[in-house]
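Beneath this line is the structure, given in structure tokens, with notes to follow.
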Amino acid sequence: MNAQIQDPQSRRALFTNGKFFSKAAGNSPVHVESPFLDSLLVNGGLIEHIGSEDDSVVVQARQAGVPVYDMRQRTILPGFIDGHMHFLLLGQSLQKLSLEGCKSLEEIRGRIKEYSQAHPSAPRILCRGWMHSMTNGAAEASMLDDLDERPIFIDSKDLHSTWCNSAALAEMGVEAMPDPVGGSISRDASGKPSGLLSEAAVLTIIWPHIATVATIDEKLSALKAAIAAYNQCGYTGLIDMAMDENAWEALQVLRSKEKISVRIAAHWLITPSNSDAERLAQVDRAIALSKVFNAETSPDFRIVGIKVICDGVIDACTAALLEPYSSNTVNADPLWTTDMLAPVVKRADDAGLQCALHAIGDRAVRLAVDTLETCCLSAPTSATGERRHRIEHLELASPEDARRLGKLGITASIQPVHADPAILRAWPKLLGEERLGRAFAYKEFLDGGATLALGSDSPTAPHDPLRNIYTATTRRSAREPESEATVNNHFVISLCDAVSAATAGAAYSCFADKRTGSLQPGLQADFVVLDMEWEASLLLNASVKETWFGGEKVYDSGL
Ligand SMILES: [Zn+2]
């Protein structure tokens, strides 16, 4: 007979002598400095009680012989939820050659050469982490062609462009292709593709190509690597921000084979395409999937909404700004016009889906806020607040738009790892000092009443949540911890607020807050045990000891 059925106590476990982060305590004005309680009682995968060791239910559990885990004064936070990431891409990128840290074309070539010799049977060479600045903005196939005969694909760090050798360009057949809407295939004077594909060309040509040539086994092992990497960092949940048929199919297969120890909410990526009909057909596909995979039917594996990429990135001068770039006086238009965007947002909103609009430049942010306001806010009650629509990145927002987020109930989905001073060295020139002072205005979003959801945007940035929280709370570099340089220290947020954004805020942002994201009775026992001091400047010394998912330990550092 099953012991668990015989003895109800065996479904319970008591965690004591720890510092358990309590959002309720954190919100109380008296206890902001120490938002902690000292014991947690778990029952059947759910939190039964959080409080003091002296609480009667805890005392009784002890007397009843419930197993006790001594947390040895470690800090226990709710399991982290990555508010914005790319799951399959992360898994695949864990298997790609990293060009992180390269400073020149020579170094990049050297690393690729070494890798190609070490992997003679790989059908193609996939690299990640290239930054335009490493090659002074140049990305020609001819710079790579003599290295290897196999196709070489080099993702830019921000994933908004891919640099290919001639074999890769030939394999995809891009010569005959027109530029996709919202994207470009760089060409030489004679019209021949020269090596770089950008924006929608990455989404609609490179990603589907790499996805198709990868076998299902490769994809499954990529996904498993991503889950393990996430549990190891203390994550128990994530929001995939560009789900498509390919990744969805691979996840289905994985799910049929094993239990996935991370709760997944996904936004279906809508590409700009050529017509309203094509765009709306993509929204309809997301609606159909959400009818099958939603909070009622499949709470840990859901389609929650759509994702639209409204502009590019600042470094490539493809983010849409209200005023031209300071470095070259050019400007970029958003990748979507209001006329393209409004019907898509409306269709999704009407069907109860959440809209996640990628907007980095202040002009794209304006477009996103305006569109959500006009499409979703016509009713007197804040429909957009009920839907919890969201804007992704918000790297440059005007003071007015920063304030409008909270008023309209729009979640501010932020990725502090992108605000790392070490990767912003080109920004003073690109934006000018004064405008740079507006970048990553997290505190304004918070003060305006917006919910913050913290994410890593991995694999475009490191996924470790502690590094992310470090930059949010110190505005300093996690890449170069010895540097004391900060970017816009006036927008710093508190450790409590940042941890909440990485847990409860991210859960709220995808309607998972009644299930996970905080240590409260009735919620899933998802938590992470950390060796850390509650001090922002010391976060890089913190380490994850254990990760618990629904009351089961899914990661143990062994220390
Ligand atoms: Zn992203």
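The values are calculated or read from the model by the stated rules, or taken from the named source; none is laboratory data. Nothing here was measured: the structure is a model prediction, and the numbers come from that model. Neighbour counts are summed over all protein chains in view; Cβ atoms, including those assigned to glycine, are modelled from backbone coordinates with ideal geometry.
Residue by residue through the stretch 198-226, note down the ones that are more than 16 Å from the ligand (Cβ to nearest atom), surrounded by 21 or more Cβ atoms within 10 Å (Cβ to Cβ) and under 19 Å from the mean Cα position of the chain (by Cα).
Passing the criteria: ALA222, LEU223.
For a quick check of your reading: which helices (runs of 4 or more DSSP H) sit entirely within the stretch 296-413 and have at least 1 residues that are among the small types (Gly, Ala, Ser), farther than 19 Å from ALA453 by Cα and modelled with pLDDT under 95?
In the stretch 296-413, the matching helices (runs of 4 or more DSSP H) lie at 383-387.
Mind listing just one residue for me: the one in the stretch 68-114 that is free of Cβ contacts under 8 Å to residues at least 40 places away in the same chain and within 21 Å of LYS219 (Cα to Cα) and, of those, farthest from the ligand (Cβ to nearest atom)?
LEU97
Quick check on this structure: which one of VAL554, VAL529 is in contact with a helix residue (DSSP H, G or I) (Cβ under 6 Å, 6 or more places away or on another chain) and farther than 30 Å from GLY406 by Cβ?
VAL554
List pairs: first in the stretch 331-355 and outside the structural domain of GLY182 (by TED's automatic domain parsing), second loosely packed, with under 15 Cβ neighbours inside 10 Å, Cβ under 6 Å, 6+ apart or cross-chain?
Between residues of the stretch 331-355 that are outside the structural domain of GLY182 (by TED's automatic domain parsing) and residues that are loosely packed, with under 15 Cβ neighbours inside 10 Å, the close pairs are ASN331/PRO324; PRO343/ASP276.
Considering only the stretch 89-106, how many residues are surrounded by fewer than 24 Cβ atoms within 10 Å (Cβ to Cβ), of a type outside the set (Lys, Arg) and touching a Leu at 6+ places or on another chain (Cβ under 8 Å)?
Going through the stretch 89-106 one residue at a time, the tally reaches 2.
Tell me, please, whether a residue that is surrounded by fewer than 23 Cβ atoms within 10 Å (Cβ to Cβ), part of a loop (DSSP other than H, G, I, E, B) and within 16 Å of the ligand (Cβ to nearest atom) can be found in the stretch 239-253.
Yes, the stretch 239-253 contains a residue that is surrounded by fewer than 23 Cβ atoms within 10 Å (Cβ to Cβ), part of a loop (DSSP other than H, G, I, E, B) and within 16 Å of the ligand (Cβ to nearest atom).
Considering VAL181, VAL202, which residue is assigned to a loop (DSSP other than H, G, I, E, B) and at pLDDT below 95?
VAL181
For a quick check of your reading of the model, give me the residue pairs whose first member lies in the stretch 138-166 and is free of Cβ contacts under 8 Å to residues at least 60 places away in the same chain, whose second is away from the ligand (no atom under 16 Å from the Cβ) and charged (D, E, K, R), with beta-carbon atoms closer than 7 Å and at least 6 apart or on different chains.
Listed by first residue and then by second, the contacts come to LEU147/ARG109; LEU147/LYS113; ARG150/ARG124; PRO151/ARG124; PRO151/GLU171; PHE153/ARG124; ASN165/ASP145; SER166/ASP145.
Restricting the search to the stretch 447-463, which residues are more than 16 Å from the ligand (Cβ to nearest atom) and crowded, with 24+ Cβ neighbours inside 10 Å?
ALA450, THR451, LEU452
Among the residues of the stretch 65-88, which ones are within 23 Å of GLY234 (Cα to Cα), touching a helix residue (DSSP H, G or I) at 6+ places or on another chain (Cβ under 8 Å) and buried (at least 17 other Cβ atoms within 10 Å of the Cβ)?
LEU77, PRO78, GLY79, PHE80, ILE81, ASP82, GLY83, PHE87, LEU88
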